[in-house]
Each structure stands twice: as structure tokens, then as C-alpha cells.
Amino acid sequence: MEYFVQQLINGLTLGAVYGLIAIGYTMVYGIIGMINFAHGEIFMIGAFHALIIALGLGITTGTWIPVALVAALVGTMLLTPIYGWALERVAYRPLRGSPRLATLITAIGMSIYLPNQVQLLQGARIKTLPPVLQGGFEIMEGGGFVVTLSYLQILIMVLTVTLMVAFTLIIEKTALGRAQRACEQDRTMAALSGINVDRTIALTFVMGATLASVAGMIFLLRYGVIDFFIGFLVGIKAFTAAVLGGIGSLPGAMLGGFLIGLIEAFWSGYFTVEYKDVAAFSILVLVLIFRPTGLLGKPDIEKV
Amino acid sequence: MTDACTHPQTPLLHVEHLTMRFGGLVAADDVSFKAQDRKITAIIGPNGAGKTTLFNCLTGFYAPTSGRLELNHPTRGECLLERMEGHRIARDAGVARTFQNIRLFARMTVLENLIVAQHNRLMRASGFSFLGLLGFKRYVDAETQAVELARYWLDRIGLTERADWEAGNLPYGDQRRLEVARAMCTEPVLLCLDEPAAGLNPRESADLNRLLTFIRDEHSIGLLLIEHDMSVVMGISDHIVVLDYGRKIADGTPRAVRNDPAVIRAYLGDENDEENDNAMPPKVTADPKGGDV
Amino acid sequence: MTPRPALDVPAILKEAGLTALVMLGLTVGLVGFRIPDGIGASALETRFGAVAMACGLAFAGRIALILLREKRPRRVLFASTAYAVVVALAQAAPVLFSPAATERWITLRPFDSAVVNGMTVVLAAAFALRAAWMEWRHRRFPGIKERDKAMDAMGARVQRATHFFGPALLLVAVILPFLPMVDRRLLDIAVLVVTYIMLGWGLNIVVGLAGLLDLGYVAFYAVGAYSFALLAINFDLGFWICLPLAGMLAATAGILLGFPVLRLRGDYLAIVTLGFGEIIRIILLNWYQFTGGPDGISGIPKPTFFGLEFKRSASDGGETFHQFFDLTYSPVDKIVFIYYVILGLALITNSFSLRIRKLPVGRAWEALREDEIACRSLGINATNTKLTAFAIGAMFGGIAGSFFATRQGFISPESFTFIESAVILAIVVLGGFGSQIGVVIAAILLIGLPEIFRELQDFRMLTFGGAMVLIMVWRPAGLLAHRTPSIRLSDRGGEP
Ligand SMILES: Nc1ncnc2c1ncn2[C@@H]1O[C@H](COP(=O)(O)OP(=O)(O)OP(=O)(O)O)[C@@H](O)[C@H]1O
Ligand SMILES: [Mg+2]
């Protein structure tokens, strides 16, 4: 039971990372109908930005830690979306209206280019952040096993929930959100009714990248180790989360993220750690085959 | 080219109580009608009446919510279309179709489009590619035959000269006729045409009429024709089914339908029931490629 | 001539300034600082010079683009030519000038990395060319439509030229091992290049013809390699028996994977195949009893020439090649033989793809790529047709994998990462979908060049990714893509 609760907590924090990235996949898919393969790399860049800022401030100990954390968070949320914007501008916008295969290939080209750029600039070896924010509450004990809820995990959950609420509000209440929904429905009509479609799409990428950068920061805090290659696996799993939740659906992405996080945590907790990535992929395949609309997605009847 | 040997009383196609729902929207609501061999049955109705939806159900793109779609193939017997997969409807039941917005293989040549339509026969002749890879004569002969059939239809639609053009580079009207020819190359017993005259000029439209009556008379197959252009509909169809908001509101000969008050009301609204030969104004298709299909 | 409207200088500066600002945002973190490696992090290194240089170049480059847009090429021509020449000289200074002068020239290099400097020179040269074109031809630079036409014509020309230089190329390939300047190292590279040509041709069936984006192609390569190794070691089967078996096993893997996923839309298919590639790798890595885990499998037998081995002395009961033919033993013989094996396999792949294009399946693949819905309405079973493409592609991947296993004598999961799939895909994309000769050219460029010029190695994947993006933006159909009809009516002119 205690072990179960611990895995539950671990799974939820892991799920927060996947969920935040999955929102980016889902939003971009909703608006331009394609998978932004390079989104996982944006997450990786977000983690690097956060690490650079945290180390650059040189305050990873003592009472200044909260300041450093906030600075890293704000910094990565400001710098990383520029990559999201540039990605759309360079790789997607010129190809709007081209055959699907072409867009897919630019997306994959970008997802090869970005990690290699980071590798060249930062080196291939792992980068570490000295542990910050240690300790936590012991919430349960039994059979010699102590369930801890660390401060970090609390921080992660608070951050994630805040962002989710904020973004849901943006999409439901603001003009930008309305423009986004209009573009999802019909881009030509949206353009005719005075919506700046290019800008709306670019902002969607920026929003997705913002969330991914936060996910990167969370990942960095939780594991303390990053390298240029983390975007690949985490990206695929977040994509799985988006598909599981129903691609195109925002609550679905979050739900999918938490589910994937939980599945992964329990899988490694109760079965084998080695095959935990296989579990995620298998879910992806199974969902796509048996329920391509995911849990909360709208059915997508092909128009003939 | 199939010898029709059905009894006159069994219709080629019998649609019974077809209903198709999309969530709350009922695109086809309890539609029943029959279509005969060697006859052109026109399906008309205002925009959004559910005509294309009917075709999509017939050709397996949508699974109907309920209803029975029975096709009596002259040689293969009765087929229940609602239970068949899309490609089997074309292959085994002999139902071919064209699309409201043209779906040619744009980067392939005109001839290739017509050869691809004969895929299943060629596939068998090539021994599922194994014999074909080894260059067996059987396949070479089958391909020659396929080219002959293609040439026959190219002559009918007047594209022999441009057989090696990319289909996407043809003028619009030629693309429309090529799509009809491509469907005919599958050697169907029922040909479903979704607004084949949309976007054509009067001369092209007349050519198309000749092509359709030729197919009906010389190839003895049934045709289902969705059309907004009343001159086409009244000119060549033998039977007309009128849909409005997914429901069948009239069914009969052109003369009967033209004078049916329900039809006039559907097209012109309630207040105007003045009899008029041009009561059903042709839909203005501003953007021929538009439309949701 | 009407006077041209004056340039709106403040607006231009603002636009360029914004570009520089974006560049600043992109570079300030990742370029500006370098995180020290490993645990126990010390202070960050800073590289603000490079950031400033990048922003400056972005500013200048944007101004150049605007000037070109406003049809004022002259200044762009001068400035970018000057830049290209100066940087090129600065880079080449050590070989051109005296040591003292070199000192001074080196300060003119914008960045530390020679490759990055080279890239900026290429970019500047491209600007200069475009400006020169505008200056002297008094013409607008071709728009997308015209460009596409021109590129298609070029693709057609290349394809027609292949009729002549294809056989010549083949001849060179055949006599390659006996050319005077070809040594062992070059021959090894040639074997590698031909392997990738074969993989490229195999993937071209799937991506180029059928339009299915398979990002897990390396999985079939791995299945082939491991099947071969396990069959050869556990059942003591020879190379020529294992090869088709491995191909068949890979094809089966293709069918097993393809069957559930080929109904999916293109981008889902891409990501599922990507996941499949990873699954296979993880399984290989963790199934110790069977695959040896990360240690891999070693001692995979070498191919034999009709039972003759390529060894100094025969194993018991066998005979060696040099003994049989009364030659003196030379270790190069083996590589020459291996080279011919892969050349043969690659040629089989090529003639297979050329033939299958003219068969009903091949045409159906292309038709499916164009419009799946229309295919269904013509009675084509889309799933099965795609499945054949997938399985055939997998088969060639598997055969190439077996060859890889026998050549290396050792395989481990490390050889089968996503990077491999990406490289093969890059070859197909750069060559132009469906273009056989394009694959050859791309493989020579992408595999051969970095092998020969080792300095490029680090930039290899970066360039692949970047090139994939640039080429798709430049021409979505693929660089040299040109489609020749699979059948023509006019060829059959004589008939009634
Ligand atoms: N896949 C679908 N999902 C939801 N609604 C659909 C779908 N296909 C069709 N509809 C709806 O069904 C109704 C009938 O559409 P249909 O395309 O059959 O009309 P139509 O008679 O062909 O009209 P038109 O003359 O404009 O072609 C429309 O309201 C349409 O929006
Ligand atoms: Mg319609």
C-alpha cells in the first residue's frame, strides 16, 4: 500500500512533465493538423536554458535558491519560446499548403537539427544541476517503508496546475483563444473575418513552447541531469500522452500526461525498469489502433 | 459491357430506409428508392440535402446508421453494400463513383489513371506481381488489353492525344470527363456521378450529356447522377429522386417531378408557387473545387 | 526610367533590428554560455563574442534580404562578396600567408569553428549570386512555380543523362577495386556507401513510391542483422542460405508491424514506426540470453565464395579461395569479394524497384500516395497494397542488415539507433523521392564525404537535419524528383 502511494506520487509528478509537453502537441495539431515532431527538442532546449540561468546566477545554495528558481523559470519561459517561434517561421510556415509528407520531413529534419546544434554548442556529455530544494514531508509509514512527498513534488504540482488553469483561461476567454479556435475550424474563413492567421499559428507555437520550457525546468529539477538527447524519448512519450488523451483536446492532453506518467511509474515499480519505454510505445500503438480518437478527443470522420 | 440479365422487376439498386446521422445532424433520413439498369436516375436537392452523403453510404465511405442497400449484380447476384468494405464495393459489387471535387491522381498521367482503375484484373494477371516481375507473357498481354480498354475510353472522351499528360495539368472539363472514364475502366454495373457538370461551360456540359447517354445505352449499366444543372437533369435523366434536408420529398419521371409542388417549394420557398419551367435555378458554383466533399 | 522610390531606412533598420533581437534570443543562452560537463559543476564559460557576431550577421543578412526584395542588388553584391572573400581568406590564411600575416588574418575570422565560418561564407556567396543574377539578368528571381518547373526539368535532365552515365557509373563501380588509387580504406568506404545506397533504394520503395513515411527503417535492418547472426551461429547455416531467410524474417516483421498501423494517417504512421524502431532496440538491449544484450553478438561467419573461404588457412574440411585458385593470399581479396556482394545486392534492389514500378502494385503505390480515397473507390485494397510496400522495403532492409552483420562479424544494438533511420531517410529525401540516381548521389555525398573528411563528422547530423528542412522548403517534391510515367501510349504508336 505504501509502495503504491509512493509510485502514485512519483507517477503524478512525472505525468506533469508529459502533460505540459503534450499540450503543445495538441494545440499545434489542433490548429494546423500536423504533429510538431520537433516539440520534444523545444522541451530539451527549455531544460538547457533553465540550467544555464541557474548556474549562471551561481546561487544554487542557501536562501537565494527561491530567487534562482524563479529566475530560471522566468528566463526559460522567455528564451525558449523564441525557438518555438523560429521553428514555425523557418520550417512550417513556408510549407503551409504543401503535401503532408514534405511538412513531416521538415519537422523531422528540425528534430534532428536541434539536438545536434545543442550537442555542438554544449558538448555531448551530461550536464548536472547540484540538488536544490531537498527534503519533504513523510506522509505515511508502514512495513519499514516511508512515503515521502518532497517539496519539489509539491512545487511541481502547484506549478503545473497553475499553468494548466492559466492556459485554459487564455484559450477560453481571450481574443487569442477565440482566434485559435476559429483557425482550427476553418483557416480561410478565419482569415476572411479579419483574423491574422499567421500570427495566431505562431502564437500557438509560442504557447506550446512556453509550456514545454516549464516541463524542461521541472525535468531538470527532478532528475538533476540532462543531455542534448532527452527531447527524443520524452517527446515521444508526451506525444503518446496527447494521443491517449485525444489529440486536439487540451484536458485530454493533461489527462493523458498523468496517465502515461502513472503507467510508467507503476510499470517500473512493479515490473521491469528496462522495458518501461516499451510500455509507453505499446500504449501508443494500442490506442491508435483501437481508439484513434483517444479518451477525450472528437471523432475525426474523414470527409470524402 | 456486362450483359444485363436481370428480371425487369428486380431493380439494380434498392435503397431501403437509409438513415445516416452525424451526431445530432440527420444527413439522410429514412430514404428509400430504386434505380434501374440502363437508366439514368438523377438525385437532386438543395445544398446540404444529403446527396453526397447518400453516395458515401453507397460506396462504403460511411457506414449508414441504419438501412439496407441492396445491389443486384447481373452475374454475381445480390450484394448488401452496407456490409461491405469500400474497396470491395467497387471490386466485387461493381459500383464505381466520381467525386464532387475531382480526385484524380494528379501527378500521374491520364493513361496511368485509367490503368490504375484496372488494378484488380491486372493484379491477378501479374500473379500478384511474381509473374509480372519475371516478365511472363500472360501479364504483358493483360497490360496490352488494359491499354486497349483505356484507349477506348480515351477516344470516347477525346483525350487520346493527351494520354501522356499529367492528369493535374488538364483543363477542368477534361479532368471531369477523365474521372468518369476512370470509373468506367473498373467495368462497373452502377456508376455514381457526383455533380459531373459542375464548373463546365455549356459546350462541355453537352459533351458530358452525350457521354452519359452513351454509357447508358451502349454499356447497359445503371447511372446515379447528382446534379444541380436542371438542363442536364431534365435533358438526360429517366427518373428523378428529390432530397431535401435528408428526406426524400419526391420520386418520379422528370415531368412529374418538375410539377411537384413539394419540389418547387423546396427550391423556391413557400410563398412562391407560381408554375415556371425554370423553377429550379441552377446552383451557381462559384468555386468548382469548393464544397465539402 | 522612372525614379525608384527612396528606401524607407528607419523601417528597414527596425526590421533588421528585430531579426537581430530574435537572433539574440536564440543564441544568448545556448551560444553565450557553455555548461561545464559532468558533476560538480564549476563556473560557466562565456562566449559573448560569438553571440554578438551572430546578431550582427543576422542584422546584416536581413538588410541584404530587404535590399534584394526592393530590387537594389548592387550593394548586396559588393558587401556579400567582400564578406565571403575576406572570411574565406582568413580561414585559409595558414596555407596562403606567412606566419606573421596569418596572425593578423586570423583575427578576421568571425567564429572559432572553421565549419561555421564556411557556412556563413556559403550563405554570403548565395546572397552574392542572387544579387548578381538580379543585377545582370534584370530579372526577378524565379518564384516558387517557376523554380519548381526548373528543378523538375533538371531532374528530368539528370534522369535522361542517367541512361548514358548510369552504365558508365556501373562500370566504374565494377572495376573500382582494381583502380590504382583505390586502397583498402577507400574500398571500405565504398562498401559502406553501397550499403547505404541499397538501404536508400529499399526505403525509397516505401517513402518515394508508396509515400509512407517510415521512421523505423533501421528496425528491419536490425531484424535482418540479428536473424542472420543467430541463424548462422546457432544453426550453422551458410551466408547464402541465411541471407534470404533474414530478408524473409524482416519482411514478416514488416507485415506484423504494418498490419495494425498502416490504416493510420501519415504522421501517426511515422511516429509509430519510430516507436517500433526504439522497441526493437530496447528488446535487443535487454534480452540477454538471445541477443547478448549490450555486448552484442560476435563471431558471425564471413561469406564464402561457393563454399570457398577467405582466410589465410582453411578451417578443417574447407578450402580457401586462394588455395583453390592457386593465388597468393591477400587480405584485400576478402574486402573485394564483400564489395562485390553488396554491389550485387544493391543492383538487385535497383532493378527490382525499377520493374515493380511498372507493375500493378507499383502503380497502386503511387496512386495511393496521390489519393487514397480515390484508390478505394476503384477497388484497390489500400491496407494490403501499403503492406506489400512496407514488407518489400523491410525485406531489402533486412538483407542489407544481414550483409552488415557478416561484414562486421560483430553486431550490437548500438548500430541500430534512430540516427541510422534518419541518415537513410536523409539520403532518400536529398536524392529526391523516387529518384534512383538521386539516392546514389546523396549516399556518396552524405556517407562518403564525411568518411573522407573527418572534420565534417561532428557536423554530419546537423547538416542532415538542416538540409532536410532547407530542401523541403526549397522544393517540397524533393531536390531532383522527377516522375517519368510508368507507361506511355505514344510508345505503342504502331498499334491500330
Ligand atoms: N462527415 C460528416 N460529418 C458531419 N456532418 C457531415 C459529414 N458529411 C456530411 N455532413 C453533413 O450532412 C449534410 C449533408 O451533406 P451532403 O454533403 O450530403 O450534402 P449535398 O446534398 O451533397 O450538398 P451539396 O449540393 O452542397 O454537395 C450537411 O449538412 C453536411 O454538413
Ligand atoms: Mg454534395
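The values are calculated or read from the model by the stated rules, or taken from the named source; none is laboratory data. As the structure is a computational prediction, the values presented were derived from the model and not from experiment. Glycine also receives a Cβ, built like all others from the backbone with ideal geometry; neighbour counts cover every protein chain displayed. The area values use the complete protein model at the heavy-atom level, side chains included, leaving out ligands, DNA and RNA. Shrake-Rupley method; radii C 1.70, N 1.55, O 1.52, S 1.80 Å.
Here are the numbers for this structure:
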quantity: Charged-residue dipole, Cβ positions (Lys, Arg, Asp, Glu), the protein assembly as shown about Cα centre, Debye nearest 20; calculated: 2440
quantity: Å² per residue, accessible surface of chain C at 1.4 Å; calculated: 46
quantity: Surface/4 of the Cα convex hull for chain C, nm²; calculated: 35.3
quantity: Calculated FRET efficiency for the pair C:ILE348/C:ASN384, C-beta based, R₀ 30 Å, to 0.05; calculated: 0.80
quantity: Longest DSSP-loop-exposure-free segment, trypsin sites (Lys or Arg not before Pro), chain B, at most 13 other Cβ within 10 Å; calculated: B:77-288
quantity: Accessible area buried at the B-C interface, both sides summed, 1.4 Å probe (Å², nearest 100); calculated: 3400
quantity: With every protein chain in place, chain C: carbon and sulfur % of accessible area (1.4 Å); calculated: 68
quantity: Packing-based order for C:22-30, C:91-99, C:390-398, C:419-427, using average beta carbon neighbours within 10 Å, highest first; calculated: C:390-398, C:419-427, C:22-30, C:91-99
quantity: Buried on assembly, the stretch C:372-402 (at least 50 Å² less accessible surface than by itself, 1.4 Å probe); calculated: C:ILE373, C:ARG376, C:SER377, C:LEU378, C:GLY379
quantity: Drop in accessible area of at least 50 Å² in the complex versus isolated chain, residues of the stretch B:88-105, 1.4 Å probe; calculated: B:ARG103, B:PHE105
quantity: Residue-averaged beta-carbon neighbours from other chains (10 angstrom radius) around C:257-263; calculated: 2
quantity: Charge dipole (the protein assembly as shown, unit charges on Cβ, about Cα centre) - positive-most of C:VAL191, C:SER402, A:GLY208; calculated: C:VAL191
quantity: By average C-beta atoms within 10 angstrom, highest first, the peptides A:74-80, C:475-481; calculated: C:475-481, A:74-80
quantity: Selection from B:PHE128, B:ALA146, B:ASN169 lying farthest towards where the dipole of the stretch B:106-175 points positive, charges on Cβ; calculated: B:PHE128
quantity: Fraction of antiparallel bridges per DSSP, the stretch B:90-244 only, in percent to nearest 5; calculated: 10
quantity: Sites C:LEU170 and B:ASP155, calculated FRET efficiency, Cβ-Cβ separation with R0 41 Å, nearest 0.05; calculated: 0.45
quantity: Proximal lysines relative to C:LYS334, as straight alpha-carbon distance under 17 Å, when same-chain residues fewer than 8 apart are discounted; calculated: C:LYS302, C:LYS311
quantity: Mean Kyte hydropathy of 0.0 or more with a Cα span along the axis of at least 27 Å, helices from DSSP in chain C; calculated: C:9-30, C:48-69, C:73-96, C:114-137, C:144-175, C:184-204, C:239-261, C:266-286, C:331-356, C:382-408
quantity: Value of D in µm² per second that Stokes-Einstein yields for chain B, Kirkwood Rh from Cα pairs, at 37 °C (0.692 mPa s); calculated: 166
quantity: Mean accessible surface per residue for the stretch A:19-229, computed with a 1.4 Å probe while every protein chain stays in place, in Å²; calculated: 39
quantity: Residue-averaged 222 nm ellipticity for chain B, from DSSP H runs of 4+ at -39500 (n - 2.57), nearest 500; calculated: -10000 deg cm²/dmol
quantity: Calculated SAXS-style log₁₀ I(q)/I(0) at q = 0.09 Å⁻¹ - the protein assembly as shown, Debye, Cα scatterers; calculated: -1.22
quantity: Interface area, B with A, accessible, probe 1.4 Å, both sides summed, Å² nearest 100; calculated: 500
quantity: Calculated FRET efficiency for the pair A:LEU8/C:LEU65, C-beta based, R₀ 56 Å, to 0.05; calculated: 0.55
quantity: Extreme residue, positive dipole direction of the stretch A:19-229, given options A:GLN117, A:ALA54, A:MET217 (C-beta unit charges); calculated: A:GLN117
quantity: Shielding by partners - mean other protein chain Cβ count within 10 Å, residues of C:354-365; calculated: 5
quantity: Solvent-accessible area lost in complex, 10 Å² minimum, residues of the stretch C:465-484 relative to chain alone, 1.4 Å; calculated: C:GLY465, C:GLY466, C:MET468, C:VAL469, C:MET472, C:VAL473, C:PRO476, C:ALA477, C:ARG483
quantity: Fraction of accessible area attributable to carbon and sulfur, the stretch A:19-229 (%, probe 1.4 Å); calculated: 65
quantity: Cα-based equivalent ellipsoid, the stretch B:106-175: semi-axes from gyration tensor eigenvalues, Å; calculated: 26, 12, 9
quantity: Accessible surface, per residue, of chain B when the full set of protein chains is kept, probe 1.4 Å, Å²; calculated: 42
quantity: Within the accessible area of the stretch B:106-175 (1.4 Å probe), percent carbon and sulfur; calculated: 57
quantity: In the C-A interface, the accessible area buried, summed over both sides, Å² (probe 1.4 Å); calculated: 5400
quantity: Net charge dipole size for the stretch A:19-229 [Lys, Arg +1 and Asp, Glu -1 on Cβ; Debye, nearest 20]; calculated: 540
quantity: Of B:ASN113, B:ASN201, B:ASN209, the one that fluctuates the most in a GNM where chain B has Cα springs shorter than 10 Å; calculated: B:ASN201
quantity: Angstrom value of the Kirkwood radius, inverse mean 1/r, which spans all Cα pairs in chain A; calculated: 19.8
quantity: Inter-chain shielding of C:82-88 (mean C-beta neighbours from other protein chains, 10 Å cut-off); calculated: 0
